[in-house]
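One structure below.
Every number in this text was worked out from the coordinates using simple rules, so none of it is lab data. Just so we're clear, the structure is a prediction, and the values are computed from it rather than from any experiment. In this analysis, Cβ positions are derived from the backbone assuming ideal geometry, glycine residues included, and neighbour counts consider all displayed protein chains.
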Amino acid sequence: MNFIETRGNDGERPLAVSFSTAILGPMASFGGIYVPESLPDLGQEFLKSHVDASYKTLARDVLAAFEIDIEQDVIEEALNLYDHFDDSTNPAPLIKVLDDLYVSELYHGPTRAFKDMALQPFGILLSSLAQKRNENYLILAATSGDTGPAALETFKNRKNVQVACLYPDGGTSDVQRLQMVTEDAPNLKVIGIHGDFDDAQNALKLLLSSDSFNAKLKEKHISLSAANSVNFGRIIFQLIYHIHSYLELVRQSAIELGEKIYLDVPSGNFGNALGGYYAMKMGLPVEKILIASNKNNVLTELINNGQYDLREASVVATTSPAMDILKSSNVERILYDLYGSDRTKVLMQQLDNEKYYQLTNKELAQLQATFSADYCEDNEGKSYIKQAFANGYLMDPHTATCFKAYDSCRSKPLKTVAYSTAEWTKF
Ligand SMILES: *Cc1c(COP(=O)(O)O)cnc(C)c1O
């Protein structure tokens, strides 16, 4: 399968690239990013034949459907990392919490956040590609708190890769910061910046597309890549667990195969939700994707009013720091999918230059056909945590935002999978 560009082609880059090229160099023409040219249609048959499949088998078969140019032994090595999660037979357990609400716990990997679901295998893919091509990579990671630890963990001591990780100093929890600054492998560098996550991600995107920086690195025989979810190598692993959660509902006899469900996703950079969107487009029976945010509620505004407005906005610190983001990178992939590359280029350039864009009513209706959104204040989140705990379930503040969206965004009494993106111990 080939990958094409969200903002169209500048005539200098290839019109389409392979998966390996897209993950080694994730920035595309006009500051855009890569998207799959088409998506495989998995359909009911695929779901039916995977009702009893292990997570690894499901993952292997989803990756096979994408026909990516990665050798099978490397894929196997990558997927074997799921054996080191808490339960080697199921890295992402699904827990019933309320009548219709099931929580898919994505935090059972080494750094206790859902970033491990993708970054663990992604680390193997990238470093083995680098080794096979006999190339050296500098991998940039901008983090709001959990990408950093997960990227450092997966790349530490791997050959042909070095990592530079930027985090907002004072913008993460202590556990998150300590997870990063106590890593001491020689191929890792951790840098606290004066600024928020958006500043860190802006710096990353600027460096990735800077000709002079890339030329300087070339002199030292180093190429540049990124561990953030602008890299499709993250996204491909993030659509698998949405399918897995659906099949878990079937296995637990909560739904019949084919029944529609809601996905309820605590969102920041929109990688997790995008994975759900692609899974839905590939045939997973999903009624809608609920986008849960904290007080940094740009996504709620976009989905409810069609307006992405950063003119007056600044990041506020909340109890769910991994979602303290205003420039949500993967929204661009949704814009591309719904409105095409010409319109995406216009909208993204407006956002870059004027800090604002407004969708048309027709565009907004298209967006709302798939997404609903709400945001959760810290004190509301606290009371959801308290209530859930009284019922015997302990969760972290990111997960709590989903409980608000569960209450306010559903219009049908369908089973709902909410994602628990981090272990409560980190906050
Ligand atoms: C990264 C992160 C999120 C946001 O996920 P996106 O894919 O960036 O939308 C939510 N919760 C936690 C705990 C995270 O680490």
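Counting Lys and Arg as +1 and Asp and Glu as -1, what is the net charge of the other residues whose Cβ lies under 14 Å from the Cβ of Ile255?
0
Less than 15 Å Cβ to Cβ from Asp69, Lys/Arg counted +1 and Asp/Glu -1: what total charge do the surrounding residues give?
-2
Counting pairs of alpha carbon atoms under 8 Å apart in space and at least six apart in sequence, what relative contact order in percent does region 280-324 give?
33
Starting from the Cα of Met1, step 7 Å along the direction of its Cβ; do the same at Ala64; then give the gap between the two resulting points in nm.
The modelled label-to-label distance comes out at 1.5 nm.
Between Ser209 and Ile222, how many nm apart are label points set 7 Å from Cα along the C-beta direction?
Result for the modelled spin labels: 2.3 nm.
Calculated FRET efficiency, Asp184 and Asp352, Cβ-Cβ r, R0 25 Å, to nearest 0.05?
Rounded to the nearest 0.05, the efficiency is 0.10.
Take each of the peptides 321-327, 167-173, 186-192, 268-274, average the number of other beta-carbon atoms within 10 Å over its residues, and list them starting from the highest.
Output ranking for 321-327, 167-173, 186-192, 268-274: 268-274, 321-327, 167-173, 186-192.
Determine the percent antiparallel among the DSSP beta bridges restricted to the chain, to the nearest 5.
If I count the DSSP bridges inside the chain, around 25 percent turn out antiparallel.
Between region 377-427 and region 1-44, how many Å separate their Cα centres?
Cα centroid to Cα centroid, the span is 35 Å.
Over 23 Å between Cα atoms: which of Lys115/Lys220; Lys295/Lys404; Lys96/Lys382; Lys48/Lys412; Lys382/Lys426 fall into that group?
The answer is Lys115/Lys220; Lys48/Lys412.
With +1 on each Lys and Arg Cβ and -1 on each Asp and Glu Cβ, and nothing else charged, work out how big the dipole of region 116-226 is about its Cα centre, in Debye to the nearest 20.
For region 116-226, the charge dipole is close to 660 debye.
Show me the ranking of peptides 222-233, 106-117, 128-139 by mean Cβ neighbours inside 10 Å, starting with the highest.
Going from most to least packed, we get 106-117, 222-233, 128-139.
Just to confirm a number: summing +1 for Lys and Arg and -1 for Asp and Glu over residues other than Asp374 whose beta-carbon lies under 14 angstrom from that of Asp374, what do you get?
Cβ neighbours under 14 Å give a net charge of -1.
Do you know the relative contact order of the chain, to the nearest whole percent, from alpha carbon pairs under 8 angstrom that are 6+ apart?
Dividing the mean separation by the residue count of the chain yields 19 percent.
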